[in-house]
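K.L.:
Sending over a structure as structure tokens; questions will come in a sec.
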Ligand code: IPD
């Protein structure tokens with residue numbers, strides 16, 4: 001049974017998804033602008049961002065927001081904040097690659113308590129609540145149980161051209177290629193984390209990522225029995241913007257591999 005607030009979040013996401021599905025079918029007509037090199041925003045991102053804020057504010061007035069397209073929107077309720085990325089994987093969306101998601105997390109007193117990540121094209125709804133487990137379309141999710149890094153399939157997000165930490169990312173890819181079976185760059189950090197929660201990817205690594213890209217995914221992975229960490233230590237990825245997500249056995253093995261990359 002979902003809590004009332006998760007039900008509200010799910011309903012808002014489903015409604016917002018309808019406009020995204022329409023836009024996806026008519027991409028040629030979509031307005032696109034560039035925020036920074038390699039960082040695009042479409043009219044669809046802005047429309048979904050606005051729709052979700054309005055829809056959620058109707059039922060949870062006073063909650064604050066942090067969203068990709070609007071930034072910080074202070075609320076009158078000091079305890080609650082929705083963290084929203086209206087389209088995580090905008091580049092995929094713009095290129096008609098059906099791997100993007102609407103992703104929302106709810107924080108209570110600074111702690112992640114509810115999460116939704118939804119791919120409107122595959123109709124896959126990933127959800128989690130603190131202490132309540134993680135689900136994919138109502139089916140319980142568990143992280144993969146592989147124990148040896150040499151057997152793993154990993155999602156690794158490369159920075160955009162001109163992005164930060166390019167030499168480090170190249171070194172990490174090189175070290176990982178020597179240890180894992182396969183590496184995928186998906187273009188949606190939120191969905192990659194949902195795939196870790198679903199046991200599809202064994203691990204996910206990403207640097208210089210924003211809170212709205214990973215907030216929901218962190219709770220999904222945790223509630224599916226996995227762990228998230230800063231790759232370089234024990235700090236919270238929400239604070240550092242660098243994330244490693246995997247299971248308990250693989251966590252030290254990936255940290256070791258990534259530390260070797262930092263030494264090169
Ligand atoms: C992007 C995705 C991608 C990551 C980029 C993000 P956006 O988010 O999460 O996986 O590599 O750094 O900017 O811009 O599509 O919401």
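Read-outs throughout are calculated quantities, based only on the coordinates presented, and are distinct from any laboratory measurement. The shown structure was predicted, so the numbers you read here are calculated from the model rather than taken from an experiment. Glycine also receives a Cβ, built like all others from the backbone with ideal geometry; neighbour counts cover every protein chain displayed.
K.L.:
Compute the long axis of helix 4-25 from its Cα atoms, compare it with the longest principal axis of the Cα atoms of the chain, and write down the angle in degrees, 0 to 90, nearest 10.
P.N.:
Long axis of 4-25 versus the principal axis of the chain: about 90 degrees.
K.L.:
On alpha carbon coordinates alone, what is the Rg over Rh value for segment 149-263, Rh being the Kirkwood radius?
P.N.:
Using Cα coordinates only, the ratio equals 0.91.
K.L.:
Let me ask something additional. For 158, 238, which order do you get if you count the other beta carbons within 10 Å of each Cβ and list the fewest first?
P.N.:
Least crowded to most crowded, the residues run 158, 238.
K.L.:
Please determine, in degrees from 0 to 90 and to the nearest 10, the orientation of helix 211-223 with respect to the longest principal axis defined by the Cα atoms of the chain, where the helix direction is its Cα long axis.
P.N.:
Taking Cα atoms only, the helix is inclined about 70 degrees.
K.L.:
As I understand it, the value is the acute angle between the Cα axis of helix 43-59 and the longest principal axis of the Cα atoms of the chain; what does it come to in degrees, rounded to 10?
P.N.:
70
K.L.:
If you don't mind, another one. For the chain, modelled as a Gaussian network with Cα springs under 10 Å, which listed residue fluctuates most, 85, 45, 77?
P.N.:
Greatest mean-square fluctuation among the candidates belongs to 77.
K.L.:
Considering only 159, 86, 74, give the residue with the highest GNM mean-square fluctuation for the chain, with springs between Cα atoms whenever their separation is below 10 Å.
P.N.:
Looking only at 159, 86, 74, the largest GNM fluctuation is found for 74.
K.L.:
Further question: Quick one: 95, 160, fewest Cβ neighbours within 10 Å first, how do they rank?
P.N.:
95, 160
K.L.:
Counting C-alpha atoms alone, how compact is the chain: give Rg to one decimal and Dmax as a whole number, in angstrom.
P.N.:
For the chain, the Cα radius of gyration and maximum Cα-Cα distance read 17.6, 52 Å.
K.L.:
What spacing in nm lies between the two simple spin-label points modelled at residue 179 and residue 54, each 7 Å away from Cα in the Cβ direction?
P.N.:
4.9
K.L.:
Please arrange 87, 243 by counting, for each residue, the other beta carbons lying within 10 Å of its beta carbon, fewest first.
P.N.:
Least crowded to most crowded, the residues run 243, 87.
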